[in-house]
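Just below is one structure, and these are the notes that go with it.
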Amino acid sequence: MSDEQKTIGPLGHRPASDDPHVTVSGREIPLVAGPEDLKDHDHARDLGNPGEYPYTRGIHPDMYRGKPWTMRQFAGFGTAVQTNERYRFLLERGQTGLSVAFDLPTLMGRDSDDPWSLGEVGKCGVAISSLADMETLFDQIPLADVSTSMTINSPAAIIWAMYIVAAEKQGADIARLRGTLQNDILKEFMAQKEYIFPPEPSMKLVVDTIEFGTREMPKFNPISISGYHIREAGSTAVQELAFTLADGFAYVDAALAADLEVDEFAPRLSFFFNSHLDLFEEIAKFRAARRIWARHMRERYGAKNERSWLLRFHTQTAGCSLTAQQPLINIVRTAYEALAGVLGGTQSLHTNSMDEALALPSEEAVEVALRTQQILAHEIGVASTVDPLAGSYYVEKLTDDMEAGAEAYFARIEELGGVVPALEEGFFQREIADAAHWYQEALEREQRVVVGVNRYVDEGETQQIPILRIDKEIDANRRRELAELRTGRDQTAVDAALARVVRGARDGENLMPHFIDAVRTYATLGEIVEALKSVYGEYVEPIII
Amino acid sequence: MDRAIRVLVAKAGLDGHDRGAKVVARALRDAGMEVIYTGLRQSPEMIAEAAVQEDVDAVGLSLLSGAHMTIFPEVLRLLREKGGDDILLTGGGCIGDEDMVELREQGVGELFGPGASTREIVDYIRDEVGRRRQLQENS
């Protein structure tokens, strides 16, 4: 290390060789791995060929040569009009799929004019309160051709109904629509906390969408079982892997309990993982995820259809690894994380923008993030060969360890009576909070280096990058728009549709057709959610610090 | 001996991101403070009410949803209205420099962005509460 480097920043005096050698999850990193690490490893049993059981090496024999990953940047802010413009900007620049970020009121099933929405409208995503907003969101975007992912959970079924009707109105055949609904309520209870109803009716709504999708929309993924938020909340890599797959099995169990056949619905289950900073640990996590899922689906659930064994996943780089300090260097962090996703065999990828520790990304920052993926795809050669790290002593050992760690968690969850009882008693929440606490302590003791934050600090740094600002008038404008919507619609039809939602919920019917009818009358998201609350009630979580 | 510093750690509005709030709550507790955590989805009214009822020295408000320019001023207003003028309102989240300056001008205390260490937060609350107690004793 040069003298110059040594003097940068008040904490920058220690030579790098003193850094503890542990992953971002606290796992010790060996100096060198060797054959003795793979004593119990069986190549045929544990790896196989790409595109073959247990799919450790990837779900396709030719991976990205045959099917490039989808470059899917999560976006949404302000009004449907503004977000529609951003989507068209991204599509024009070579993005290949859309991914809708909704604002917090929408995620919580509240309209923009609800008193709880004040100050939150359009801030961390787009505000969608009715079918009218959904039609605007996709104006001039042919939903029949563009696959669309929607990050929405508690009210997912209702938002999906709006999307379906908007697509129908464009003249699309709904059976051909492609995309993904996040719709993963279990991780909301565990980590992201955007729940509305208690676990049981929430699971029922998920099963309704799986059932409806299986019957009517066979190309659409009705759920994206997500570890991303579990990781962002502070979990380790193994916890992310284990809790996500445990959730996946819980959905399989719930669908089976509703008399669906495993091979009917399992091929449409999709996953979503975080890609954090520790390159090899992340790659191992992705490889282990595929292997665990394939084994459980075939051995435990007896799935016969090969497609039921495949774990297909989306990846997003770790938002929590971004720093507000020296934001430009986040481009580098994101590039490494994206590389892990690609080497791990992801089907689609979102790369975070450099400014996201501060605000929603600016147009310039989003463009750099998209270009990062394009460099990975076209310039550095990693997309041309399948699973290039297979056979590495270190990566195979890590992959085996990840699987063993996840299996140990599955056993603990089972002892607690399954995922729902475990989350009702706060098991996952406690595990995640403990890991987050450990990580923060490691940072404070400088056992983890974060460039620009606890080492190589740029004293006197000021924010230099442009910040996207949401128009202050948005709350008032949205209130006016919704007032107009409510006076302009056929209220009798709205009331009748809402009454059918209530009746359907009480009678335990599949609610998707009722939601579709209700949104068609321009009943709002908030009105439909209120109708459901009258039957299901609301969830309050146990407080765990 | 001085009585322990009491802090209400609060999550306001619809935001469910509680990692930061929980990490800070634990750090304050480890530093010997009495910590009350509100749990999620509290309105400004509920937070101000709890702060006054619990007779806390400081409120630490966590907001990652972008609603900080609405919620911080509202909590501050309600604290004053309910007679909690002496309570320090501090907090953190995804808040840009410009907004921090504007909120400080309105009377909010120091705000902490991503990357802040819990040590900084503990030190700040200890110093600021100490200063305010001193002022009160002298007045």
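Rounded to whole Å, give me the distance from the Cα center of region A:453-479 to that of region A:42-112.
If you average the Cα positions of each part, the centres end up 26 Å apart.
How far is the Cα center of region B:77-132 from the Cα center of region B:1-72, in Å?
Between the Cα centres of region B:77-132 and region B:1-72 lies a distance of 11 Å.
Would you please put A:239-251, A:377-389, A:197-209, A:294-306 in order of how densely packed they are, using the mean number of other Cβ atoms within 10 angstrom per residue and starting with the highest?
Ranking, from highest mean packing down: A:239-251, A:197-209, A:294-306, A:377-389.
What does the highest-first list of A:226-237, A:138-149 look like by mean Cβ count within 10 Å?
Ranked from most to least packed, the peptides come out as A:226-237, A:138-149.
Just to check I understand the Karplus step: with θ = phi - 60° and J = 6.51 cos²θ - 1.76 cosθ + 1.60, what whole-Hz values come out for region A:487-493, glycine and proline as x?
7, x, 9, 7, 5, 4, 5
Specify whether the C-alpha gyration tensor of region A:372-453 places it in the rounded, prolate or oblate class, a ≥ b ≥ c being the square roots of the eigenvalues: rounded for a/c under 1.5, otherwise prolate if a/b is larger than b/c and oblate if not.
It is oblate, given that a/c is not under 1.5 and a/b is not larger than b/c.
Tell me, what HN-Hα J-couplings in whole Hz come from the Karplus equation 6.51 cos²θ - 1.76 cosθ + 1.60 at θ = phi - 60° for each residue of region A:399-409, using x for Gly and Pro?
4, 4, 5, 4, 5, 4, x, 5, 4, 5, 5
If the only charges are +1 at each Lys and Arg Cβ and -1 at each Asp and Glu Cβ, what is the size of the charge dipole of region A:294-354 around the Cα centre, to the nearest 20 debye?
Charge dipole of region A:294-354: 320 debye, to the nearest 20.
Could you tell me what percent of the accessible area of region A:474-536 is made up of carbon and sulfur, with a 1.4 Å probe and every protein chain present?
The computed percentage sits at 51.
Let me spell out the model: positive unit charges on the Cβ of Lys and Arg, negative unit charges on the Cβ of Asp and Glu, origin at the Cα centre of region A:35-92. What dipole size does that give, in debye rounded to 20?
In total the dipole reaches around 420 debye.
Lys and Arg at +1, Asp and Glu at -1: add these up for the other residues within a Cβ distance under 12 Å of A:Asp173 and post the number.
0
Taking accessible area as the heavy-atom solvent-accessible surface of the protein chains with a 1.4 Å probe, which residues of region B:90-122 lose no less than 20 Å² upon going from the isolated chain to the full protein assembly?
The answer is B:Cys94, B:Gly96, B:Asp97, B:Glu98, B:Asp99, B:Pro114, B:Gly115, B:Thr118, B:Arg119 - residues whose exposure falls by at least 20 Å² when every protein chain is included.
Report the accessible area of A:Glu541, computed with a 1.4 Å probe over the heavy atoms of all protein chains in place, in Å² rounded to the nearest 10.
Accessible surface of A:Glu541 is approximately 20 Å².
If you take the accessible area of A alone plus B alone and subtract the pair, what total do you get in square angstrom, rounded to 100, with a 1.4 Å probe?
Accessible area lost upon association: around 3200 Å².
With a 1.4 Å probe and every protein chain left in place, work out the accessible area per residue of chain B in Å², rounded to a whole number.
Here the residues of chain B average 43 Å² of exposed surface.
If you roll a 1.4 angstrom probe over the protein chains with everything in place, what fraction of the accessible area of region B:29-91 belongs to carbon and sulfur, to the nearest %?
Using a 1.4 Å probe with all protein chains present, region B:29-91 comes out at 45 percent carbon and sulfur.
Give the long-range amide H neighbours of A:Gly179: residues separated by 5 or more places, or on another chain, with amide H under 5 Å away, using H modelled in the peptide plane at 1.01 Å from N.
For A:Gly179, whose amide H was placed from the backbone, the distant partners under 5 Å are A:Thr148, A:Asn221.
What lysines does B:Lys11 reach when the alpha-carbon gap must be under 22 Å and sequence neighbours fewer than 8 apart in one chain are set aside?
Answer for B:Lys11, where 22 Å is the Cα cut-off: A:Lys123, A:Lys187, A:Lys193, B:Lys22, B:Lys82, listed by chain and number.
Once you wrap a convex hull around the alpha carbon atoms of chain A, what is its projected area averaged over all directions, in nm²?
About 25.1 nm², averaged over all directions.
Given a 1.4 Å probe and every protein chain left where it sits, what share in percent of the accessible area of region A:16-444 is carbon and sulfur?
Carbon and sulfur atoms account for 51 percent of the accessible area of region A:16-444.
Could you state the orientation-averaged shadow area of the convex hull built on the Cα atoms of region A:139-219, in nm² to one decimal?
5.3
Between the DSSP loop rule and a limit of at most 10 other Cβ atoms within 10 Å, which chymotrypsin sites (Phe, Trp or Tyr not before Pro) in region A:339-418 are left?
none
Starting from the Cα of A:Lys39, draw a straight line to each of the aspartates and glutamates and keep only those under 17 Å, dropping any in the same chain fewer than 8 residues away.
A:Glu396, A:Asp400, A:Asp401, A:Glu403
Just the accessible area per residue of region A:235-366, please: how many Å² with a 1.4 Å probe?
So region A:235-366 comes to 27 Å² accessible per residue, rounded to a whole number.
Which FRET efficiency value, to the nearest 0.05, is calculated for A:Ala483 and A:Arg88 with the Förster distance at 35 angstrom and r the Cβ-Cβ distance?
For R0 = 35 Å, the calculated efficiency reads 0.75.
Looking at region A:448-476, which residues lose a minimum of 10 Å² of accessible area between their chain alone and all protein chains in place, measuring with a 1.4 Å probe and not counting ligands or nucleic acids?
A:Val453, A:Gln463, A:Arg469, A:Lys472
Compare the Cα positions of B:Leu64, B:Ala21, B:Leu76 along the charge dipole of region B:6-138 (+1 at Cβ of Lys, Arg; -1 at Cβ of Asp, Glu; about the Cα centre) and return the one farthest towards the positive end.
B:Ala21
A drop of at least 20 square angstrom in accessible area, chain alone versus all protein chains together, probe 1.4 Å. Which residues of region A:89-112 meet that?
Buried-area filter returns A:Leu104, A:Met108.
Count, for each residue of A:120-131, the Cβ atoms from other chains sitting within 10 Å of its Cβ, then give me the mean as a whole number.
Shielding by partners across A:120-131 averages 3.
For region A:474-536, just say rounded, prolate or oblate: build the C-alpha gyration tensor, square-root its eigenvalues into a ≥ b ≥ c, call rounded for a/c under 1.5, and beyond that prolate if a/b exceeds b/c, oblate if not.
Prolate is the answer for region A:474-536, as a/c is 1.5 or above and a/b outweighs b/c.
Quick one: Cα centre-to-centre distance for region A:145-193 and region A:358-412, in angstrom?
Region A:145-193 and region A:358-412 have Cα centres separated by 25 Å.
State to the nearest 20 debye the size of the charge dipole of the protein assembly as shown about its Cα centre, where the only charges are +1 on K and R beta carbons and -1 on D and E beta carbons.
1100
I need the phi-derived Karplus couplings for region A:260-269: 6.51 cos²θ - 1.76 cosθ + 1.60, θ = phi - 60°, integer Hz, Gly and Pro marked x.
8, 8, 4, 6, 6, 10, 4, x, 9, 6
Just the accessible area per residue of region A:474-536, please: how many Å² with a 1.4 Å probe?
I get 45 Å² per residue for region A:474-536.
Compute the distance in nm between two label points, each set 7 Å from the Cα along the Cα-to-Cβ direction, one at B:Glu102 and one at A:Glu414.
Result: 5.5 nm between the two label points.
Taking a ≥ b ≥ c as the square roots of the Cα gyration tensor eigenvalues, with a/c under 1.5 meaning rounded and otherwise prolate when a/b beats b/c, else oblate, which class fits region B:1-138?
Taking the square roots of the gyration eigenvalues as a ≥ b ≥ c, region B:1-138 is rounded.
The values are calculated or read from the model by the stated rules, or taken from the named source; none is laboratory data. A quick note: this is a predicted structure, and the numbers were derived from the prediction, not measured. Because the Cβ atoms are built from the backbone with ideal geometry, glycine has one as well, and the counts that use them run over all protein chains shown. Please note that ligands, DNA and RNA were not included when accessible areas were found on the heavy atoms of the full protein model with its side chains. Shrake-Rupley method; radii C 1.70, N 1.55, O 1.52, S 1.80 Å.
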